[in-house]
Amino acid sequence: MGRMEVERKTIGWAARDPSGILSPYTYTLRETGPEDVHIRIICCGICHTDLHHTKNDLGTSNYPMVPGHEVVGEVVEVGSGVSKFTVGDIVGVGCLVGCCGGCSPCERDLEQYCPKKIWSYNDVYIDGQPTQGGFAKATVVHQKFVVKIPEGMAVEQAAPLLCAGVTVYSPLSHFGLKKPGLRGGILGLGGVGHMGVKFAKAMGHHVTVISSSNKKREEALQDLGADDYVIGSDQSKMNELADSMDYIIDTVPVHHALEPYLSLLRLDGKLILMGVINNPLQFLSPMVMIGRKVITGSFIGSMKETEEMLEFCKEKGLSSIIEVVKMDYVNTALERLEKNDVRYRFVVDVEGSKLEA
């Protein structure tokens, strides 16, 4: 169907300054172009990146800003050139809403590495309008950056998969780690880390959770099915695990030493960094030279990987562990997230919330 000709307003919750406090904000919704999908938002996950951006931790924030990039909703209108979706489809939108389409990463369907990628919020779309995220009633997104949510998957469970899920699925897939029988470590048991445990176990791996305290031991072993749990400062246990792991997925978003974890990797093992950290990380070169170890990184995931990941979750019956909140609780949720007080992902019930002041 064609695009609507009247200007449309929508309402979201936006940060106005680095305090990061969100409050109702009315703004104009982009027109539905030929390749666009107009989505009524049902729910949206809360990511640690939302905290970084609303508080201007990275020094790149533009206000007013409506955060949220784990968006699930219902298609209410499609552009004339849209072939993948129809009105009524339940769909998801992740971290990106645009790319150049012509660079090497784009040609390889790795648009998350496009130097001209457009973020779901805190960015500017090709028409010059600021992008706004999923803490809102609606959004308009190019069909390339929209995915169908598998039939039968609960919307609130699907939301965290669109960032936390694909962020950990992508390196497991890219680095050839989807085969069974591997031994892996998950460093940090937050939103991304808990999905790392679930994915790795579903792929047939022996999984060790590496944490800074004993607080999450029972959850890791009993609720998530991890095989082992180690506190990074427990030198005796760390020595026992030396040279035992094929990979470690490092989800810690704050500065930390790398040497203790490099010691756990066996020959050709990989330490895969995922946390966004502003301060330089350091290591001694012999730690990687002796053992031909690799320190690498991975950044969210492509649209193809997102689709693969959703099908993998459907096939394996995987879901995230979440706490559903209303929009009027979102500021408290962000405060709790900053204190790591969530098991393991907040999801905002946008549809069931009163967004107006």
With +1 on each Lys and Arg Cβ and -1 on each Asp and Glu Cβ, and nothing else charged, work out how big the dipole of region 44-161 is about its Cα centre, in Debye to the nearest 20. 200 debye
What ³J(HN,Hα) values, in whole Hz, does the Karplus curve 6.51 cos²θ - 1.76 cosθ + 1.60 give for region 248-265 when θ = phi - 60°, with x put for Gly and Pro? 10, 9, 9, 9, 5, x, 10, 4, 7, 6, 9, 3, x, 8, 4, 5, 7, 7
In terms of the charge dipole of the chain, which places +1 on Lys and Arg and -1 on Asp and Glu at the beta carbon, the residue among P64, V348, V288 farthest towards the positive end is V288
Cross-link partners among lysines for K237, C-alpha distance below 19 Å, same-chain residues fewer than 8 apart left out? K215, K216
With a cut-off of at most 16 other beta carbons within 10 Å, and DSSP calling the residue loop, which trypsin sites (Lys or Arg not before Pro) in region 204-237 qualify? Please list them. K215
Which is the longest run of the chain containing none of the GluC sites (Glu not before Pro) found in DSSP loop states (not H, G, I, E, B) with at most 11 other C-beta atoms within 10 Å? 152-355
Heavy atoms only, 1.4 Å probe, whole protein assembly: order D328, D17 by accessible area, highest first. D328, D17
Which whole-Hz ³J(HN,Hα) couplings does region 205-217 yield from phi under the Karplus relation 6.51 cos²θ - 1.76 cosθ + 1.60, θ = phi - 60°, glycine and proline marked x? 9, 8, 10, 10, 8, 10, 9, 8, 8, 8, 4, 10, 4
Multiply the residue gap between I277 and A154 by 0.36 nm, knock off their C-alpha separation, and tell me the result in nm, one decimal place. 41.0 nm
Amide H to amide H, which residues 5 or more places from F346 or on other chains are under 5 Å from it, using H placed in the peptide plane? I46, E323
Using the per-residue mean of other Cβ atoms lying within 10 Å as a proxy for protection, in what order, highest first, do the peptides 261-274, 173-186 fall? 261-274, 173-186
Cβ-based net charge around L262, under 14 Å, with every Lys or Arg adding one and every Asp or Glu removing one: -1
Per residue of region 37-48, what does 6.51 cos²θ - 1.76 cosθ + 1.60 with θ = phi - 60° give for ³J(HN,Hα)? Whole Hz please, x for Gly and Pro, Karplus curve as stated. 10, 8, 10, 7, 7, 9, 7, 8, x, 10, 10, 4
Residues whose placed amide H lies under 5 Å from that of A138, excluding near-sequence neighbours: I11, I41
Accessible solvent surface per residue of the chain, calculated while the other protein chains remain in place, 1.4 angstrom probe, Å²: 43 Å²
If I stretch the segment between S212 and N62 completely, what's the gain in nm (0.36 nm per residue apart, minus their alpha carbon distance), one decimal? 50.6 nm
Reachable lysines from K178, Cα under 25 Å, same-chain residues fewer than 8 places away excluded? K148, K198, K201, K270, K293, K304, K314, K316
Residues with beta-carbon under 13 Å from that of L241, excluding L241: net charge, scoring Lys, Arg +1 and Asp, Glu -1? -3
Under the rule of at least 5 residues apart or a separate chain, name every residue whose amide H is placed under 5 Å from the amide H of R8. L29
Using 0.36 nm per residue of separation minus the Cα-Cα distance, give me the extension gain between E307 and Y113 in nm, one decimal. 68.1 nm
Percent relative contact order of region 246-331, based on C-alpha pairs within less than 8 angstrom and at least six residues apart? 26 percent
Rounded to whole angstrom, the alpha-carbon centroid of region 221-247 lies from that of region 272-344 at a distance of 19 Å
Solvent accessible area, Å² - D57, 1.4 Å probe, full protein context: 70 Å²
Given +1 on the Cβ of Lys and Arg, -1 on the Cβ of Asp and Glu, and no further charges, what dipole in debye does the chain carry about its Cα centre, rounded to the nearest 20? 460 debye
When the accessible area of region 206-357 is computed with all protein chains present and a 1.4 Å probe, what percentage of it is carbon and sulfur? 50 percent
Let's test the formula: R0 of 30 Å, r as the Cβ-Cβ distance of Q129 and R336. What FRET efficiency results, to the nearest 0.05? 0.40
From Cα pairs below 8 angstrom and at least 6 apart in sequence, can you work out the relative contact order of region 133-264, rounded to a whole percent? 22 percent
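The values are calculated or read from the model by the stated rules, or taken from the named source; none is laboratory data. These numbers were taken from a predicted model, which means no experiment stands behind them. With ideal geometry, Cβ positions are generated from the backbone for all residues, glycine too; neighbour counts draw on all protein chains shown. Ligands, DNA and RNA are excluded from the accessible area calculation, which covers all protein heavy atoms including side chains. Shrake-Rupley method; radii C 1.70, N 1.55, O 1.52, S 1.80 Å.
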